[in-house]
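Asks: First the structure, then my questions, so here it is.
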Amino acid sequence: MKSLCIIFSVMTGIMMVNLSFAEELEVNISPSIGTLHVSGDQSKFREDWWTQDGLKGGVEKFSLQSSLSDQISLQGSGHAHIADKDYAAELELRSENKASFRAGFSHYSKYFDDTGGFYSPFADSSFDLGRDLELDIGKIFVEARLIQPELPKILLGYEHRFKKGEKSLTGWGGVTQSGITRNIFPAFKEVDETVDIFKAEVEHTINKVTLHDSFRYEHFQIDNTRFEEQRDLDAGTRKTVEVDDSRSHNSLFNTLHTEMRISEKLYASMGYLYSDHDGDGDFKMMTTPFADPFDKNWSASQLDLEQDSHIINMNAMVGPYKDIQVSGGVEGEVTDTQGDTDAVLTEIGFGGNLEEPGTRISSRKDLDGLKETLDVKYTGLTRTTLFAEGKWIQQAIDLKEQEFEDRSLTFERVTDSDRSIATYKAGFSTSPFRRVTLSAHYRRKNTSNDYDHEVDTEPSGYSAFIREQDITTNELQARISVQPKTWLRTSLEYRLEDTKIDTLFDNSPRSVQSGNYDANIYSLDITLTPISNLFLTTVQSYRDIRGKAFDNGIDAVIPYDGDIFTSINSMSYLFNENNELRLEYIYSQTDNFTNNSENGLPLLHDDRLQKVQTSLSHTISDNMKAKFTYGYYDYNGEHNDGVDDYTAHMAGLSLQMSF
């Protein structure tokens, strides 16, 4: 008989459990060691692959399993990559048909490139922050379940999530040279976010009726700071904009759901969701050094937000009756939102600090919505299924916005808007031959928005000049799967997406097409096993994408027209029962760069990314296996003269041991 001592932290306390095992403990562990060397832009490599260069070691994976008795079992799993600070562990203690307890944690790092934009006409065409931008992301959880037969199933849980560190931003700072300004200087944000989640669930079935109630409470806290720098290369000056954002909210959600099988051909369900959201925060923007009138030193000492929402739905499914099955539902929503802000604009640098009268901004939004769904399925044809779906949403939104300075109303806008969304989808799936399957569908979605500004003291402001906006999306998808031999499976898929946005503005006689997007997407999957010890897979994808936005005659805004090709390939070859070779090759190429430096800032890409990884495994004994891995990474970007280019080599050795 063996014993195991399990120690883990739960918030501020430590729990220790000493367990004695009726049977031997089964453990699998795979320690590893390796190295990774990067030539070129190391921060870009870390952003792409979420790993650091240098010496590596840790545990690729581990698992444990044991039966404490005939009714009680213990399971655990996890991994630990020390250099990348990537850890995870989970334990579950289960009593058969009675209860279970789970606890665990995870932590990993997400990396960001510290390079900003690229503008080739400048002498310094790009800039780096010189910072290792890294965001730590993790969670801790505990969960207990009661699963005794004929009693309600109960779940109680707690979860703590966090994000802390620094990340890059795509809102870059301005750089001026020879009287030309382009936003290419990199910006970053310090992040400190936490959320605590408490949840409880109860489920019970009485005869043919199942009742389920789910309660969830969240406390969210955020303290972030954004840094943006602006440089004038002609004058040799720089400015820093610092934005402090602190917010917290408490959210409560409760969902009551019931479902019942009235008969073999009639099923019904009903649900009710209540949510309450109460948040507050403060905001501060400071420019250093400050110079009126273009720089900003703003602060908002009080940000309050309250939101209540009630959603109820009813659904039913009838059939199949004469090969027809029909399902549908209706859902109603009422949501009220109230927000208030106290803000102060401060001017600095004129012999002292001058505060303008306090500004108070308030808004209220009331939403009433109704959604209906209807699905029909027909299976009366041989080896064929036909289906059609419809979804309709109607929303009435009343929005009131006000701004006061020193208690005097300076701005007011009252908007009544109506939104309707209609989505239709129809298609089929058929297998006319034993090894051939065909499927296709067509989907159309139309969103219509109408705005009526009953009161508006600033009618020319954004977005009051928009009266109507329609968004229409069409999608066509077709797929054929063929398995001519037992050792060969292949499928080919095509998808067409097309979206158009039509907008009616003030003083406009007709709508203007303010946006257009269309894409042709092709994908090919092949799985091949020509001999019993060889396994091959390949996935090929090609996207031809175009996008255009209403530019109002601005040359800096250009249409998007580009191609994206992706290839993922793998091979596994078993020499014998003790030796196995694996090979993986990933290739991606983007071709959408247009050099519009004369009128704007080029933001698109012409680049190539590829990865080759091979591993050789050798079984040393029944309880031990060794694996050697080598990887090669390569990135080349022609759109920015190779600023982000890199190559990398990785080599590692791991052992898989069981005892």
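The values are calculated or read from the model by the stated rules, or taken from the named source; none is laboratory data. Here the structure is a predicted model, which is why all the values come from computation and not from measurement. Counting neighbours? That spans all protein chains shown, and the Cβs are built from the backbone with ideal geometry, glycine included. These accessible areas exclude ligands, DNA and RNA; they are computed on the full protein's heavy atoms, side chains included. Shrake-Rupley method; radii C 1.70, N 1.55, O 1.52, S 1.80 Å.
Asks: Rounded to whole Å and sorted largest first, list the principal axis extents of the Cα atoms in the stretch 71-136.
Replies: The principal-axis extents, from largest down, are 73, 21, 12 Å.
Asks: Report the full-extension gain for the segment residue 99 to residue 508: residue separation times 0.36 nm, less the Cα-Cα distance, to one decimal in nm.
Replies: In short, 140.6 nm is gained.
Asks: Among 465, 494, 455, pick out the residue whose Cα is farthest towards the positive end of the charge dipole of the stretch 433-526, where Lys and Arg carry +1 and Asp and Glu carry -1 on C-beta, about the Cα centre.
Replies: It is 494, whose Cα lies furthest towards the positive end.
Asks: Could you tell me what percent of the accessible area of the chain is made up of carbon and sulfur, with a 1.4 Å probe and every protein chain present?
Replies: 54
Asks: Next question, about the same structure. Protein chains only, probe 1.4 Å: how do 44, 189 rank by accessible area, largest first?
Replies: Solvent-accessible surface, decreasing: 189, 44.
Asks: Quick one: accessible surface of residue 79, probe radius 1.4 Å, all protein chains present, in square angstrom to the nearest 10.
Replies: 50
Asks: While we're looking at this one, here's another question. Using 1/(1 + (r/R0)^6) with R0 = 35 angstrom and r between the beta carbons of residue 214 and residue 136, what's the FRET efficiency to the nearest 0.05?
Replies: 0.70
Asks: Once the other residues with Cβ under 13 Å from the Cβ of residue 63 are scored (Lys, Arg +1; Asp, Glu -1), what is the net sum?
Replies: Counting the neighbours of residue 63, the net charge comes to -3.
Asks: Turning to a different aspect of this structure: Under the rule a/c < 1.5 gives rounded, and otherwise a/b versus b/c splits prolate from oblate, where does the stretch 384-460 land using the Cα gyration tensor?
Replies: Prolate shape, in that a/c is at least 1.5 and a/b is the bigger ratio.
Asks: At a probe radius of 1.4 Å, what is the per-residue accessible area of residue 375, in Å² to the nearest 10?
Replies: Accessible area of residue 375: about 60 Å².
Asks: Can you give me the accessible area per residue for the chain, using a 1.4 Å probe, in Å²?
Replies: 57
Asks: Follow-up. Which distance in nm do the two modelled labels at residue 248 and residue 548 give, with both placed 7 Å along the Cα-to-Cβ direction?
Replies: That separation, rounded to one decimal, is 5.2 nm.
Asks: Please state the charge dipole magnitude for the chain, taken about the Cα centre, from unit charges on C-beta atoms (+1 on K and R, -1 on D and E), reported in debye and rounded to the nearest 20.
Replies: It comes to approximately 3700 debye.
Asks: Okay, moving on. If I ignore ligands, DNA and RNA and count only protein heavy atoms, how much of residue 409 is accessible to a 1.4 Å probe, in Å² to the nearest 10?
Replies: Answer for residue 409: close to 90 Å² accessible.
Asks: Let me ask something else. Which residues among the stretch 418-434 fall inside the zone where the amide N is under 18 Å from a point 7 Å beyond the Cα of residue 519, along Cα→Cβ?
Replies: Correct set: none at all.
Asks: Projected onto the charge dipole of the chain (+1 at Lys/Arg Cβ, -1 at Asp/Glu Cβ, origin at the Cα centre), which of 235, 566, 327 gives the Cα projection farthest towards the positive end?
Replies: In the chain, that residue is 327.
Asks: I would also like to ask the following. Give the shape of the stretch 178-327 as rounded, prolate or oblate, defined through the alpha-carbon gyration tensor: a ≥ b ≥ c are the square roots of its eigenvalues, a/c under 1.5 means rounded, and otherwise the shape is prolate if a/b is larger than b/c and oblate if not.
Replies: It is prolate, given that a/c is not under 1.5 and a/b is the larger ratio.
Asks: For a test of the definition: using alpha carbon positions, the gyration tensor, and the 1.5 limit on a/c, classify the stretch 511-659 as rounded, prolate or oblate.
Replies: Here the stretch 511-659 falls in the prolate category.
Asks: What ³J(HN,Hα) values, in whole Hz, does the Karplus curve 6.51 cos²θ - 1.76 cosθ + 1.60 give for the stretch 404-411 when θ = phi - 60°, with x put for Gly and Pro?
Replies: 10, 10, 6, 6, 9, 5, 10, 8
Asks: For residue 181 paired with residue 581, estimate the spin-label separation in nm (one decimal), with each label point 7 Å from Cα along the Cα-to-Cβ line.
Replies: 6.0
Asks: Further, regarding this structure: Give the calculated FRET efficiency between residue 70 and residue 29 to the nearest 0.05, with a Förster radius of 30 Å applied to their Cβ-Cβ distance.
Replies: The value I calculate is 0.65.
Asks: Karplus couplings for the stretch 424-433 from phi (6.51 cos²θ - 1.76 cosθ + 1.60, θ = phi - 60°), rounded to Hz, Gly and Pro as x?
Replies: Per-residue couplings from phi come out as 10, 9, 9, x, 8, 9, 9, 10, x, 10 Hz.
Asks: R0 = 30 Å: FRET efficiency of residue 495 with residue 366, Cβ-based, nearest 0.05?
Replies: E between residue 495 and residue 366, to the nearest 0.05, is 0.20.
Asks: Find how many whole Å separate the alpha carbon centroid of the stretch 193-246 from the alpha carbon centroid of the stretch 35-65.
Replies: Using only Cα atoms, the two centres lie 28 Å from each other.
Asks: Normalising by the residue count of the stretch 215-329, find the relative contact order in percent from Cα pairs under 8 Å and 6+ residues apart.
Replies: 23
Asks: Another question about this same structure. For residue 82 and residue 322, compute 0.36 nm times the residue count separating them, minus their Cα-Cα distance, and round to one decimal in nm.
Replies: So the chain would gain 80.3 nm between residue 82 and residue 322.
Asks: When only the heavy atoms of the protein chains count and the probe is 1.4 Å, how do 253, 141 rank by accessible area, highest first?
Replies: Largest accessible area first, the list is 253, 141.
Asks: Go ahead and estimate [θ] at 222 nm for the chain from helices alone: -39,500 (n - 2.57) per DSSP H run with n ≥ 4, summed, over the residue count, rounded to 500.
Replies: -500 deg cm²/dmol
Asks: Still on this structure, I have one more. For a 26 Å ceiling on Cα separation, which of these pairs sit above it: 265/425; 296/500; 189/284?
Replies: Distance filter (> 26 Å) returns 296/500.
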